[in-house]
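Here is the structure we will look at.
Taken together, the values in this text are just the output of simple stated rules run on the coordinates, not laboratory data. Predicted model only: the values in this text are computed from it and were never measured. Reconstructed Cβ throughout: ideal geometry from the backbone, glycine too, with neighbour counts over all protein chains shown.
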Amino acid sequence: MKVLSVLGTRPNFVKEFLVHREFQRREIKEIIVHTGQHYDYEMSRVFFNTFDLPDPHYHFEIGARSSVASTAETMLSLEDVLHKEKPNAVLSYGDVNSTTAAAIAAVKTKIPFVHVEGGIRTPFLYNPEEINRRLSDCVADLIFTCTRTDTENLCRENVPRERICFSGDLMKDALLYTLETQSIPVKRGDYVVATIHREENADNPQRLREIMHGLVQSEQIIHFPVHPRTRKRLEKFGILEEVKSCDRIRMTEPTGYLEFIRLLAGADKVVTDSGGVRREAFLLRKPVIIPVELVWFPEILEAGWKIHVPPKASEVAEAIREFEPTGPHNPEIFGNGESARKIVDNIVEHYQ
């Protein structure tokens with residue numbers, strides 16, 4: 001049996017290592033394709049080193065292109081690989097351009113596509129991640145979901161129940177594995193972690209300026225690992241020097257996974273527009289402030305552990321100072337810690 005796994009970005013690498021280990025344990029051949037969507041070393045290569053993933057069998061080096069161009073070029077590159085490797089199934093994760101490219105290339109070459117982390121929905125149809133998820137789920141032969149809500153979303157869209165499996169969240173399992181193996185303590189510290197990179201925020205000068213002003217006005221110590229895209233926009237919009245001049249905001253380059261989890265584990269609160277970081281923050285029992293309208297994982301909101309605020313400086317600052325959880329903490333929202341086993345079990349059952 002042969003599975004071809006397509007990876008493109010940081011969250012993909014984090015999710016892949018447990019599935020890869022499970023494939024290895026069962027002596028299932030896995031071909032790893034790295035599309036190069038995250039071309040920066042800190043955003044890519046360091047994750048292979050951290051998780052002891054083997055070098056990818058194929059690396060496309062797609063790099064920074066428009067969404068349409070990167071998707072199209074990835075599909076063309078994948079077509080050649082799929083004809084050569086002839087896998088039993090193609091697997092990809094999440095909601096990035098690499099995922100959509102893998103889904104379309106697979107089904108166009110009559111190979112079953114497996115989508116891990118499907119069913120996440122918002123009403124914002126032109127959000128890039130929303131487009132990628134919906135397209136990938138539409139053609140997937142198997143869809144693995146992180147939460148029961150994601151499963152319900154697919155059922156409401158009339159996806160046949162036999163194509164859906166609630167596996168739980170690989171990001172939760174990777175986080176728990178990392179905390180245990182690296183002996184990382186979790187505590188409410190004296191600083192806030194901020195990550196901002198979503199298109200809706202980073203590409204809009206008014207929104208980005210208001211969020212940055214909110215960080216400054218909070219008067220808290222803010223650790224801010226700056227995504228390459230966000231740094232470019234801060235500079236382009238004339239905001240970078242203003243933020244750097246605030247001695248309470250500690251701007252750094254993007255960190256590796258271990259370093260970031262250590263930073264997150266010691267934080268008091270987290271400000272993020274990331275779908276992955278909001279889950280990691282919740283699992284680490286951190287109050288989460290979301291300065292974007294995208295309500296992914298509404299279970300965290302319903303549990304009272306995150307708050308969505310408009311991109312207005314005063315409201316961002318107030319939330320950082322004042323927001324505290326209002327309900328019980330229930331990490332079981334994201335499964336029981338056996339997602340990799342469930343995913344590989346189902347793949348073997350369907351395609352062995």
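How far apart, in nm, are two points set 7 Å out from the Cα along the Cα-to-Cβ line at Asp190 and at Gln352?
In this crude spin-label approximation the distance works out to 5.6 nm.
Expressed in nm to one decimal, what extension gain is obtained for the pair Leu125 and Glu253 from 0.36 nm per residue of sequence separation less their Cα-Cα distance?
Working: separation 128, 0.36 × 128 = 46.08 nm, distance 3.16 nm.
Extra length available between Leu125 and Glu253 comes to 42.9 nm.
Using DSSP to define loop residues, name the trypsin sites (Lys or Arg not before Pro) in region 186-249 whose beta-carbon has at most 11 other beta-carbon atoms within 10 Å.
Values: sites: Lys187, Arg188, Arg198, Arg207, Arg209, Arg229, Arg231, Lys232, Arg233, Lys236, Lys244, Arg248; in loops: Lys187, Arg188, Arg198, Arg248.
In loop regions of region 186-249 (DSSP not H, G, I, E or B), the sparsely surrounded trypsin sites (Lys or Arg not before Pro) are Lys187.
Do the alpha carbons of any pairs in Lys84/Lys172; Lys269/Lys342; Lys244/Lys269; Lys86/Lys172 sit beyond 24 Å of each other, and which pairs? Could the numbers behind the result be given before it?
Values: Lys84/Lys172 35 Å; Lys269/Lys342 32 Å; Lys244/Lys269 21 Å; Lys86/Lys172 32 Å.
From Lys84/Lys172; Lys269/Lys342; Lys244/Lys269; Lys86/Lys172, over 24 Å: Lys84/Lys172; Lys269/Lys342; Lys86/Lys172.
Under a crude label model (7 Å from the Cα following the beta-carbon direction), how far is Leu176 from Cys246 in nanometres?
Inter-label distance under the simple model: 3.6 nm.
If you wrap a convex hull around the Cα atoms of region 61-201, how much volume per residue is inside, in Å³? Write down the numbers at each step before the final one.
Working: hull volume 23.9 nm³, N = 141.
Enclosed volume per residue, from the Cα hull, is 169 Å³.
Rounded to the nearest 20 Debye, what is the dipole magnitude of the chain about its Cα centre when Lys and Arg each give +1 and Asp and Glu each give -1 at the C-beta? Numbers along the way, then the final one.
On the way: 45 positive and 52 negative charges, 33 e Å.
Roughly 160 debye, rounded to the nearest 20.
Taking R0 as 56 Å, what's the FRET efficiency between Glu152 and Asp80 from their Cβ-Cβ distance, rounded to 0.05?
Working: r = 38 Å, r/R0 = 0.69.
FRET efficiency, Glu152 to Asp80: 0.90.
I need the calculated FRET efficiency for the pair Thr109 and Ala69, taking r as the beta carbon distance and R₀ as 30 Å, to the nearest 0.05. Walk me through the numbers on the way to the answer.
Numbers: r = 21 Å, r/R0 = 0.70.
Taking R0 as 30 Å, the efficiency between Thr109 and Ala69 is 0.90.
What helices does the chain have that are whole DSSP H segments, at least 15 Å long along their own axis by Cα, and with mean Kyte-Doolittle hydropathy of 0.5 or more? Write down the numbers at each step before the final one.
On the way: long enough: 10-25 (24 Å, -0.97); 67-85 (26 Å, 0.02); 97-108 (17 Å, 0.67); 128-139 (17 Å, -0.87); 170-181 (16 Å, 0.44); 205-217 (18 Å, -0.50); 339-351 (18 Å, -0.38).
Qualifying helices, which must be both long enough and hydrophobic enough, are 97-108.
So for the pair Glu27, Arg161, with labels modelled 7 Å out along Cα→Cβ, what separation do we get in nm?
Taking the two extended label points, one gets 3.7 nm.
Counting other Cβ atoms within 10 Å, keep those with at most 12, restrict to DSSP loop, and tell me which chymotrypsin sites (Phe, Trp or Tyr not before Pro) in region 124-220 are left.
Values: sites: Phe124, Tyr126, Phe144, Phe166, Tyr177, Tyr191; in loops: Phe124, Tyr126, Tyr191.
Sparse-neighbourhood loop chymotrypsin sites (Phe, Trp or Tyr not before Pro): Tyr126.
Only sites in a loop by DSSP and with at most 15 other Cβ atoms within 10 Å count here; which trypsin sites (Lys or Arg not before Pro) in region 252-300 make the cut? List each step's numbers first, then the result.
Details: sites: Arg262, Lys269, Arg278, Arg279, Arg285; in loops: Arg285.
Filter output for region 252-300: Arg285.
Would you compute, for the Cα atoms of region 170-239, the largest minus smallest coordinate along each principal axis and list the three values in descending order, in whole Å?
Computed over the Cα atoms, the extents are 42, 28, 15 Å.
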